[in-house]
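A short write-up of the structure that comes next.
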Amino acid sequence: MKHALALTALVPLLSAGIAQAGGHAEVAAPDGSARTVAIDWNDAGDVRVLSPGAPGYILEKDGTVYSVSKQGEDWLVVDMVKLNAARKAAGASTMQPLYKTITAISPLGQSETVAGITGHRYRVTWEENGKSTTETWVLTDNPAVVKMSHLFSEAMSAAYDYDGKAAENQAAFFDALPADEQGLLRSGATGQLTAFSSQSPDPQVFDLPAPPADIDKLMGGN
């Protein structure tokens, strides 16, 4: 069976066994560029994703995913689930979701340390837009990395859920991974972990800098 993942940057609901802790991670882009995504999360499941060169960041807080950006001297906070739904209802054009489909995965029986964390190598074959790629991924059972991987994917898939299928595709992606090693240290889908800390960020990192915008006004309504 094929397993799909909706990704625009990177992306099931957290299981009860995932560690309850906060932290900070940096992930190098899978395209080989120097771009590094910074990820912060807390024990409540809030997560902030900051991409290089972006005018703002993605923030999942209390189960809602927002886009936060600076507009001149003001902050613009947008509920992305509501925005995507409004755009779809209005017939507005949206980006096509990026689905990566894992078609095969097998352990190589080798260990590797990435960003100071030990994991195991897997041979993974995945497809995107009809193109098949086979490469080596490194996965870990480290509870903090597992939590970060799930939260990161959950936030990004919800933010760019253009067809309403992100959650099921995200769940299918993690279902394709070994149940006991779902922490992504290196993969062609998400990039490579370059820095990791289990120290909880400042709580203010997850504060909304302004109230969420009115979606109707944002869409040009009255």
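The numbers here are math on the coordinates, done by the rules we state, and not lab data. Keep in mind it's a predicted model, so treat the numbers as computed, not measured. Note that each Cβ is placed from the backbone with ideal geometry, even for glycine, and that neighbours are counted across all protein chains shown.
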Review point. Aspartates and glutamates near Lys100 by alpha-carbon distance under 17 Å, same-chain residues fewer than 8 away left out - which ones?
Key: Asp31, Glu127, Glu128, Glu135, Glu154, Asp161, Asp163, Glu168, Asp175
**Study point:** Backbone HN-Hα couplings from phi across the range 42-47 [Karplus 6.51/-1.76/1.60, Hz, Gly and Pro as x]
**Key:** 10, 6, 7, x, 6, 8
Point to revise | Local net charge near Ser197, Cβ-Cβ under 11 Å (Lys/Arg +1, Asp/Glu -1) | key: -2
Practice item. Determine, from the Cβ-Cβ distance of Ser200 and Thr113 and an R0 of 25 Å, the FRET efficiency 1/(1 + (r/R0)^6), rounded to the nearest 0.05. Key: 0.55
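Using 0.36 nm per residue of separation minus the Cα-Cα distance, give me the extension gain between Asp180 and Thr36 in nm, one decimal. Present the calculation step by step, with values, prior to reporting the outcome.
Values: separation 144, 0.36 × 144 = 51.84 nm, distance 2.70 nm.
Going from the current span to full extension adds 49.1 nm.
Can you work out the FRET efficiency for the pair Ala85 and Thr136, with r the C-beta to C-beta distance and R0 = 41 Å, to the nearest 0.05?
Working: r = 39 Å, r/R0 = 0.94.
That pair, Ala85 with Thr136, gives E of 0.60.
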Review point. Fully extended, how many nm does the chain gain between Thr125 and Leu218 (0.36 nm per residue separation, minus their Cα-Cα distance)?
Key: 29.4 nm
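Pairs Lys88/Lys165; Lys88/Lys131; Lys82/Lys165; Lys61/Lys217; Lys61/Lys165: which exceed 19 Å Cα-Cα?
Lys88/Lys131; Lys61/Lys217; Lys61/Lys165
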Check your understanding: Around Pro209, what is the net charge, scoring Lys/Arg as +1 and Asp/Glu as -1 over all other residues with Cβ under 11 Å from its Cβ?
Key -> -1
